[in-house]
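Asks: Here it is, the structure in full.
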Amino acid sequence: MDRVKTFQTPYASRAGAGQPCQAADRDVMSNLFADATPPEQGERFETLLNQRGVVIERIVSSSRIARERYVQAQDEWVVLLQGEATLDVDGRAIALTSGGYLFLPAETPHMVLSVTEGALWLAIHLYPSPSADS
């Protein structure tokens, strides 16, 4: 049975995620491809920036993943920087290769069906502002 994960705020963390920060240290530069060794299984989520309703995270995937269905309160734009992956997006299989990107509107069920070892993603989460409720 598929598990459903729901995230409500930019401060919610995923299992195995790094600790979110309010904003990345602006004096530090890094490289998205540095230290991109995949975990033994699953995915490693690293928050690079969490500011003003925008969360940017780097995801490094193992080819041994648990199929977890995500349903998120925020929009997400994701690009596969290296590797190949197949996702189920609201019942539709979508294949991505390096450079492929995808926009996932809020509340769209999705999960990774398969992924190559060491696949590297960049995800941008766009949270609705609290004043957008009206």
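Asks: Step through the residues of the stretch 33-41 one at a time and calculate ³J(HN,Hα) from phi using the Karplus curve (6.51 cos²θ - 1.76 cosθ + 1.60, θ = phi - 60°), rounding each to whole Hz and writing x for Gly and Pro.
Replies: 8, 6, 6, 9, 5, x, x, 4, 8
Asks: Same structure, new question: For Thr97 and Glu68 in one chain, what is 0.36 nm times their gap in residues minus the Cα-Cα distance, to one decimal in nm?
Replies: Values: separation 29, 0.36 × 29 = 10.44 nm, distance 2.05 nm.
Roughly 8.4 nm would be gained on extension.
Every read-out reported here was derived from the displayed coordinates using simple, explicitly stated rules and does not represent laboratory data. All figures in this text were calculated on a predicted structure; none of them were measured in a lab.
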